[in-house]
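Structure first, then comments.
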Amino acid sequence: MMEQKEILGILKESGALLDGHFELRSGLHSDRYFQCANVLRYPRLAAKLCDELVEIMKSGKNQCKVDGVISPAMGGIIVGHEIARSLGVKHIFAEKQDGELVMHRFQIMKGEKYIVAEDVITRGGRVLETIDIVEEAGAKVEAVAVLVDRSGGKARFTYPTYSLLQIEPVTYEPAKCPLCAKGVKFVHPGS
Ligand SMILES: [Zn+2]
């Protein structure tokens, strides 16, 4: 099993986790910026992290005896693919259409068992939508697996949920930002 320190190291070195002073898209300020895609752009790191997540699921007494892994596009696709590779099962994904996640490329069979996989959860809305898709097809959700849980324990699903790392985002209104108070210049992440 990897230590949290090692996982954090991978996220920092790959540029997924940045320390500094950021103005987020929401207009809030933060001393940290997280962009999961930056670690997933390296296939070997994606494989390493997802293998570890599978280890965590198995040590959590989850047999992972499933027919497939399902994830919401786009963010969940690489994680879902890598977990499926690790388990030796298929991976399917749901796509956004008119603001709603739908399954239009693959068929879910009645009675099949799935793991729902996602890269990052903040409120967990996309995971919930994916769970609905599985249940509406008459299939079963065995577990939820996410690389990073940023929900601070707020995203709860009715299925066992596993994450590699939990990081709670700390954000400030610009007027109350301690970094602004110190006169540190902020940057817009991703640009
Ligand atoms: Zn600030």
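The values are calculated or read from the model by the stated rules, or taken from the named source; none is laboratory data. Bear in mind the structure is a predicted one, so any value in this text is a computation, not a measurement. Virtual Cβ from ideal backbone geometry, glycine too; neighbours counted across all protein chains shown.
Taken as a whole, the condition of being of a type in the set (Val, Ile, Thr), more than 14 Å from the chain's Cα centre (by Cα) and assigned to a helix (DSSP H, G or I) does not apply to ILE77.
Of all the listed residues (PHE22, PHE106), the sole one being within 16 Å of the ligand (Cβ to nearest atom) and hydrophobic (A, V, I, L, M, F, W, C) is PHE22.
In a helix (DSSP H, G or I) and surrounded by fewer than 22 Cβ atoms within 10 Å (Cβ to Cβ), is that true of ILE10?
When the stated conditions are applied, ILE10 passes them.
Among the residues of the stretch 87-111, those identified as over 18 Å from MET74 (Cα atoms) and surrounded by fewer than 19 Cβ atoms within 10 Å (Cβ to Cβ) are GLY88, VAL89, GLN107, MET109, LYS110, GLY111.
Yes or no: LEU53 more than 16 Å from the ligand (Cβ to nearest atom), over 17 Å from the mean Cα position of the chain (by Cα), buried (at least 18 other Cβ atoms within 10 Å of the Cβ) and among the hydrophobic types (A, V, I, L, M, F, W, C)? In short, no. Every listed requirement among (1) farther than 22 Å from ILE167 by Cβ; (2) assigned to a strand (DSSP E or B) is met by ASP31 save one, (1).
For ASP119, the conditions (1) over 25 Å from GLN4 (Cβ atoms); (2) of a type in the set (D, E, K, R); (3) out of contact with any Lys or Arg (no Cβ under 7 Å at 6 or more places or on another chain); (4) more than 16 Å from the ligand (Cβ to nearest atom) are fulfilled apart from (1).
Within the stretch 164-191, the set of residues being free of Cβ contacts under 8 Å to residues at least 12 places away in the same chain, of a type in the set (A, V, I, L, M) and more than 10 Å from the ligand (Cβ to nearest atom) is empty.
Given the structure, is ALA145 at pLDDT 95 or above, assigned to a strand (DSSP E or B), on the phi < 0 side of the Ramachandran plot and in contact with a Ser or Thr (Cβ under 6 Å, 6 or more places away or on another chain)?
No, not satisfied.
Across the stretch 33-49, a minimum of one residue is classified as within 16 Å of the ligand (Cβ to nearest atom) and either β-branched (Val, Ile, Thr) or touching a residue at least 12 places away in the same chain (Cβ under 8 Å) (or both). Considering ASP132, ASP119, the condition of being surrounded by 12 or more Cβ atoms within 10 Å (Cβ to Cβ) and in a strand (DSSP E or B) is satisfied by ASP119 alone.
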